[in-house]
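Written out below as structure tokens is the structure these notes cover.
The values are calculated or read from the model by the stated rules, or taken from the named source; none is laboratory data. It should be emphasised that the depicted structure is a prediction, and the values quoted were computed from it without experimental measurement. Here the Cβ is made from the backbone with ideal geometry for all residues, glycine too, and neighbour counts use every protein chain on show.
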Amino acid sequence: MGGSIYYQSSEGSELVEMTEELFKKEDDFQELLANYDKLLAGEQIDPDRPRRWLFIAREAGVPDQEDGGDRWSLDHLFLDQDAVPTLVEVKRSTDTRIRREVVGQMLDYAANAVVYWPVDEIIARFEATCLEEDKDPEDILGDFLQGDVEPEDFWEQVRTNLKAGKVRMLFVADKIPPELRRIIEFMNEQMDPAEVLGVEIKQYASGEQRAYVSRVVGQTAEATSRKSSPRGEAWTEERFLQELRSEAKEEEVAVAIDLMRFATEGPNKKPHWGTGKFKGTFSAGLSLSGTRFNLFTIDTLGHLSIGLGWNTNKPGGSELSERFRTLVNELLSEDFPRNTWETGWPRISLGSLVSDHAEAFKKLISQYAAEVTQLVEEEIE
């Protein structure tokens, strides 16, 4: 058993000794992390930009083939503010698997997650978790993003990070044995862009009182130096088009340029450049009385994502959203379902808008902009 910590309830009062106590059940340990994600010590993982956590799911299933059923069950899945999937496996120190099986388990999860986890499924799990707790997914996500990035850009960055293998693996235990610590350090030094760390969370008790102390292990100087990188700078038009030309056909680039100009012309237009490290994004939007309405997003891979469905909690609501989902589906000969329309990112290639389709798409967006502008003005009156 370990030592003790001491706390003082008020100045001048006696110190109270709290002795280290092991977790009695793994389920209690897991529930604690689900409810108090700050125990994952984001400020130790990145002191310059402390990690913040968006809780996606507990017991997140991981398939081992495309469109296959779940083969494994990950204890917790989080995303940080840079959309990095963070896989958490929890073990008590009394569990002998902490020395043998846990490393293999985590590698199974990570290796298959980056290939077989569709982002739509991650979104669905996040929404299900919120609804189980009687919370609004849009509110939770909005509070988490703090206005730094548009929701569709964030989810798209999750997809990009998975594709690049940019994930974080966290081994969490009340005591991490020396042999596991060395394995974590070795893996973290060798794996890039993936990150492998341990979080040791000690529990201290005095009667009914509990205290928890977290400590991150596995951060060698070499690994920290190589992997630490500031948040990406906002993309510029020049850099964006240069990258797009390397990925798309010239006629698709022409469509992108036309849509980008369209997104900046006229009243209340407020475009936004993304800050992704691996992929650039340009998001078109409207700013009406302090409220941003998402229109569409173009990325450097040659895709266009339609963001009208993300505005269902704003003037016009679901009725307006559904009407324009029907119009967009008819125009593009698509069949975007309501769930994808409102919480995912209905996506097409820029090539789909070559010829007269781009003009028709712009007219449809202009119609939407005119209607929501009128609705907002009526609310003000």
**residue 207 being modelled with pLDDT of 85 or more, among the small types (Gly, Ala, Ser), at positive phi and loosely packed, with under 13 Cβ neighbours inside 10 Å** = yes
**Asked** Which residues, counting only those in the stretch 62-81, are farther than 16 Å from residue 102 by Cα and surrounded by fewer than 22 Cβ atoms within 10 Å (Cβ to Cβ)?
**Response** 63, 64, 65, 66, 67, 68, 69, 70, 80, 81
**Request:** Check residue 256 against each of (1) surrounded by fewer than 21 Cβ atoms within 10 Å (Cβ to Cβ); (2) under 27 Å from the mean Cα position of the chain (by Cα); (3) in a helix (DSSP H, G or I) and name the one condition it does not meet.
**Result:** (1)
**Message:** Name the residue that is nearest to residue 163 (Cα to Cα), counting only residues in the stretch 90-101 that are surrounded by fewer than 19 Cβ atoms within 10 Å (Cβ to Cβ) and modelled with pLDDT of 75 or more.
**Reply:** 101
**Prompt:** Where residues in the stretch 259-292 are of a type in the set (Gly, Ala, Ser) and in a strand (DSSP E or B), which of them is surrounded by the fewest Cβ atoms within 10 Å (Cβ to Cβ)?
**Reply:** 287
**Asked** Would the stretch 179-188 turn up any residue that is assigned by TED's automatic domain parsing to the domain that holds residue 104, assigned to a loop (DSSP other than H, G, I, E, B) and in contact (Cβ under 8 Å) with a residue 40 or more places away in the chain?
**Response** no
**Prompt:** Residues 58, 71: which one is part of a strand (DSSP E or B) and either out of contact with any helix residue (DSSP H, G or I) (no Cβ under 8 Å at 6 or more places or on another chain) or in contact (Cβ under 8 Å) with a residue 60 or more places away in the chain (or both)?
**Reply:** 58
**Message:** Of the residues 361, 324, only one is in contact with a Phe, Trp or Tyr (Cβ under 6 Å, 6 or more places away or on another chain), at pLDDT 95 or above and not assigned by TED's automatic domain parsing to the domain that holds residue 153; which?
**Reply:** 324
